[in-house]
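Have a look at the structure below before the remarks.
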Amino acid sequence: MKWTQTLIPTLREAPADAEIVSHKLLLRAGLIRKLAGGVYTFLPLGLRALRKVEKIIREEMDRAGAVEVLMPALQPPEIWEASGRAETASNVLFKVKDSAGRQWFLSPTAEEVITTLAANEINSYRQLPKNFYQISLKFRDEIRPRFGLMRAKEFIMKDAYSFDTTDEGAMASYKKMYDAYTNIFARCGLKAFPVEADTGVIGGNYSHEFMVPAETGENEVAFCEACGYAANIEKATSGIPKTGAREIGAAIEKFATPGVVTIEALSKEPYKIPANRQIKTLVYIADSKPVLILIRGDDQLNETKFAAKTGAVAVRAATPQECSDTLGAKPGSLGAINLQFEHLTGKVRDEMLEIRKHLGFDSFKIYADERLQGANDMTTGANEDGFHLKNVSIERDIKVTAWFDLRTVSAGEPCVKCGKPLKIRRAIEVGHVFKLGTKYSEKLNATFLDEAGARKPSVMGCYGIGVTRTLQAIIEQGNDKDGVVWPLSVAPYQVCITPLAVAPESEAMKLAEKFYAELSAKSIDVILDDRDERPGVKFKDADLVGFPIRIALGEKSLAKGEVEIKPRNGAVQFVKIDVAVEAVLALAKAV
Ligand SMILES: [Zn+2]
């Protein structure tokens, strides 16, 4: 390809709305252009790199025994209603109407489509196992698109779905995909590592995410360098000890705390109750019902864990009014004792109880973090504004419905497996593997007849790779002050030939054409910078786009019978003209 023939609109400065380095470089290197927020055109070079990532994915998926299909982007809502996700995934579903007024969903993923296909086409154990994949455009009604391709309204995803007859078979399919992902990211030149993950709205019972470490990543990962434990912070646990019991406390005592509405305020003069002797009571609305969540004063609630442990789908913090309707006090004075508006009397109390019943807020579950198990001598809100209770013994005084690990781990806590201190780092999620079980196959009737003639639901797995996001993660990981530093495997072109004189009859141009032909014949992707520009401009652009190897043909070195070869990440080498092609081929093997 000749530079003047294609379109490489490099920019000196990135547009102001590009916040992270990879987003800036995607724009500056002329790889993508924004059409609207979260919607991008792939320019020729960006598309070339993208196609190379896709090719690697296809090769590894095929090698792992998956077969490619292509499913529609337009999906009928009925299948989403059948799976139960029309509501739970509603906030991310792109909904469109056709001229007859019929609604469609633009595919954010395809569990429902592939399971419907399997229900119709797979009938016998003889047809299993199967693993179907596709690489296609997906849509997400992202309210705040950000970071270029990282969080966009439309993006390219590879999604695969396995169907097995048994749980062991499903685990084997999962393992194949896990291994394929490891190969894919390694071949893309990415340092990605698997972490234990929450299964979220997709459901299922076992899952890993593949993470690329990056300061700008939207995920946090807890990991242990000693034993290799790694988990998304939404899922991570630690071996932190429980609060522990002190000598059995006296009876509960109410005391006045005027104006005190935070853990911190209560830990200061004149109260001096340390955060780790306080119970933080949170009111949440889980699937439209209030619940109380108790965690230690110095801990943070992990909402994802809470949803995963309780099976709640829609979870949010209650408003101050909802707190008041549920417990009779405002945030800051809430507790799980005195649940019947004890501080009120007569008609006022009767009315409050009546209102609560009317709202359906009168029966609520109390979930407590395991770290509070057995704790006594604790302090908590009295459900009366301006008052707290002390000498609280959680198991004596509070009717806890269920104990779960509900807290977010912090750096330095002991690893749950080996006890060494955990570290926390930010990362970009590029892939996700799930063992789904029979959740979708049961709801959408993807069943088969086993050897004994019994009808059973297929055991499923699903496996995603954000393809466009992977491309950006490669840039987020591979760049320097001059621009992108592509791995050879996915660079838009592997070699850039830069003649400094471009007149057709010039020696530099003739030689450039010769190298171009010879390298192309050896299956190297080459671009020839035939622009009539100053050398500085050409070199700057080549570095900005990040071609792994550059060959410069300048008058001075040609006079000495030499050309300049420069790896993007290395020093200039002067090489005799007649061995230049071999030298580039050798470098292409090495970089
Ligand atoms: Zn460990």
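The values are calculated or read from the model by the stated rules, or taken from the named source; none is laboratory data. All figures in this text were calculated on a predicted structure; none of them were measured in a lab. All Cβ positions, even for glycine, are placed from backbone atoms using ideal geometry, and neighbour counts span all protein chains on display. Note: accessible area is taken over every heavy atom of the protein model, side chains too, but ligands, DNA and RNA are not part of it. Shrake-Rupley method; radii C 1.70, N 1.55, O 1.52, S 1.80 Å.
Which ones in region 462-507 are modelled with pLDDT under 95 and either acidic (Asp, Glu) or open to solvent by less than 50 Å² (accessible area, probe 1.4 Å) (or both)?
Selection gives 501, 502, 505, 506, 507.
Give the residue, chosen from 412, 381, that is closer than 21 Å to residue 261 by Cβ and of a type in the set (Gly, Ala, Ser). Outline the logic, then answer.
Working: 412 fails: closer than 21 Å to residue 261 by Cβ.
After applying the criteria, what remains is 381.
Of all residues in region 71-114 being assigned to a strand (DSSP E or B) and touching a Lys or Arg at 6+ places or on another chain (Cβ under 9 Å), which is surrounded by the most Cβ atoms within 10 Å (Cβ to Cβ)?
Going residue by residue through region 71-114, those that are assigned to a strand (DSSP E or B) are 74-75, 94-97, 103-106.
Now narrow it down to the ones that are touching a Lys or Arg at 6+ places or on another chain (Cβ under 9 Å): 94, 103-106.
Numbers: 94: 17, 103: 11, 104: 16, 105: 23, 106: 19.
Per the stated criteria, the residue is 105.
Considering only residues that are open to solvent by less than 30 Å² (accessible area, probe 1.4 Å) and in contact (Cβ under 8 Å) with a residue 24 or more places away in the chain, which ones fall in region 566-581?
The answer is 567, 568, 580, 581.
Got a sec? Which of 107, 124 is in contact (Cβ under 8 Å) with a residue 40 or more places away in the chain and touching a strand residue (DSSP E or B) at 6+ places or on another chain (Cβ under 8 Å)?
Numbers: 107 fails: in contact (Cβ under 8 Å) with a residue 40 or more places away in the chain.
Result: 124 is the single residue among 107, 124 that is in contact (Cβ under 8 Å) with a residue 40 or more places away in the chain and touching a strand residue (DSSP E or B) at 6+ places or on another chain (Cβ under 8 Å).
What number of residues in region 21-57 are buried (at least 19 other Cβ atoms within 10 Å of the Cβ) and outside any helix (DSSP H, G or I)?
Looking only at that region, the number is 8.
Would you mind finding the one in 68, 60 that is among the acidic types (Asp, Glu) and open to solvent by less than 70 Å² (accessible area, probe 1.4 Å)? Don't jump to the end; show me each part of the working.
Working: 68 fails: open to solvent by less than 70 Å² (accessible area, probe 1.4 Å).
One residue alone meets the criteria, 60.
Do we have any residue at all in region 195-205 that's modelled with pLDDT of 95 or more and in contact with a strand residue (DSSP E or B) (Cβ under 6 Å, 6 or more places away or on another chain)?
Checked region 195-205: at least one residue is modelled with pLDDT of 95 or more and in contact with a strand residue (DSSP E or B) (Cβ under 6 Å, 6 or more places away or on another chain).
On the given criteria, is residue 471 assigned by TED's automatic domain parsing to the domain that holds residue 124, farther than 30 Å from residue 41 by Cα, away from the ligand (no atom under 16 Å from the Cβ) and not in a loop (DSSP other than H, G, I, E, B)?
Working: assigned by TED's automatic domain parsing to the domain that holds residue 124: yes; farther than 30 Å from residue 41 by Cα: no; away from the ligand (no atom under 16 Å from the Cβ): yes; not in a loop (DSSP other than H, G, I, E, B): yes.
No; evaluated as a whole, the condition is false for this residue.
Hey, residue 231 hits all of (1) closer than 30 Å to residue 337 by Cβ; (2) within 16 Å of the ligand (Cβ to nearest atom) but one; which does it fall short on?
Every listed condition holds for residue 231 apart from (1).
Within region 555-591, track down each residue that is assigned to a loop (DSSP other than H, G, I, E, B) and under 25 Å from residue 12 (Cα atoms). Even if it seems obvious, please write down each step before you answer.
Taking region 555-591 and keeping what is assigned to a loop (DSSP other than H, G, I, E, B), we get 560-561, 568-572, 591.
568, 569, 570, 571, 572 - these are the residues of region 555-591 that are assigned to a loop (DSSP other than H, G, I, E, B) and under 25 Å from residue 12 (Cα atoms).
Let's see how each residue does on (1) within 13 Å of the ligand (Cβ to nearest atom); (2) open to solvent by 30 Å² or more (accessible area, probe 1.4 Å); (3) within 19 Å of residue 279 (Cα to Cα):
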| residue | (1), (2), (3) |
| --- | --- |
| 380 | no, no, yes |
| 383 | no, no, yes |
| 388 | no, no, yes |
| 395 | no, yes, yes |
| 403 | no, yes, yes |
| 406 | no, no, yes |
| 410 | no, yes, yes |
| 413 | yes, no, no |
| 421 | yes, yes, no |
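Which members of region 518-562 meet the condition of being under 15 Å from residue 572 (Cα atoms) and of a type in the set (S, T, N, Q)?
557
Being crowded, with 16+ Cβ neighbours inside 10 Å and either modelled with pLDDT of 90 or more or among the aromatic types (Phe, Trp, Tyr) (or both) is the filter here, so list the residues in region 342-375 that pass it.
Result: 352, 356, 361, 364, 366, 367, 368, 369, 370, 371, 372, 375.
Would you check if residue 196 is among the acidic types (Asp, Glu) and surrounded by 17 or more Cβ atoms within 10 Å (Cβ to Cβ)?
On the way: among the acidic types (Asp, Glu): yes; surrounded by 17 or more Cβ atoms within 10 Å (Cβ to Cβ): yes.
Judged against the criteria, residue 196 is a match.
Suppose we keep only residues that are of a type in the set (Lys, Arg) and assigned to a loop (DSSP other than H, G, I, E, B) within region 234-260. Which one would you say is nearest to the ligand (Cβ to nearest atom)? Spell out the reasoning first.
Our first condition is that a residue be of a type in the set (Lys, Arg); within region 234-260, this holds for 235, 242, 246, 254.
Those left that are additionally assigned to a loop (DSSP other than H, G, I, E, B): 235, 242, 246.
Values: 235: 15, 242: 20, 246: 30 Å.
By that ranking, first place goes to 235.
Can you name the residue in region 157-185 that is of a type in the set (Asp, Glu) and more than 23 Å from residue 450 (Cβ to Cβ) and, of all such residues, is least open to solvent (accessible area, probe 1.4 Å)?
If we filter region 157-185 for residues that are of a type in the set (Asp, Glu), which is where we start, we get 159, 164, 167-168, 179.
Right, trim to more than 23 Å from residue 450 (Cβ to Cβ) and you get 159, 179.
Details: 159: 4, 179: 63 Å².
Only one residue tops the list, namely 159.
Does residue 431 meet the test of being closer than 28 Å to residue 323 by Cα and either among the small types (Gly, Ala, Ser) or within 16 Å of the ligand (Cβ to nearest atom) (or both)? Steps first, please.
Working: closer than 28 Å to residue 323 by Cα: no; either among the small types (Gly, Ala, Ser) or within 16 Å of the ligand (Cβ to nearest atom) (or both): yes.
So residue 431 does not fit the description; no.
Restricting the search to region 204-228, which residues are within 16 Å of the ligand (Cβ to nearest atom), in a strand (DSSP E or B) and open to solvent by 60 Å² or more (accessible area, probe 1.4 Å)? Can you show your working first?
In the first step, residues of region 204-228 are kept if they are within 16 Å of the ligand (Cβ to nearest atom); the result is 221-228.
Then drop every residue that is not in a strand (DSSP E or B), which leaves 221-223.
Of everything in region 204-228, nothing turns out to be within 16 Å of the ligand (Cβ to nearest atom), in a strand (DSSP E or B) and open to solvent by 60 Å² or more (accessible area, probe 1.4 Å).
Of the residues 319, 326, 310, which is open to solvent by 20 Å² or more (accessible area, probe 1.4 Å), assigned by TED's automatic domain parsing to the domain that holds residue 389, of a type in the set (Ser, Thr, Tyr) and more than 26 Å from residue 84 (Cβ to Cβ)?
After ruling out the rest, the residue left standing is 319.
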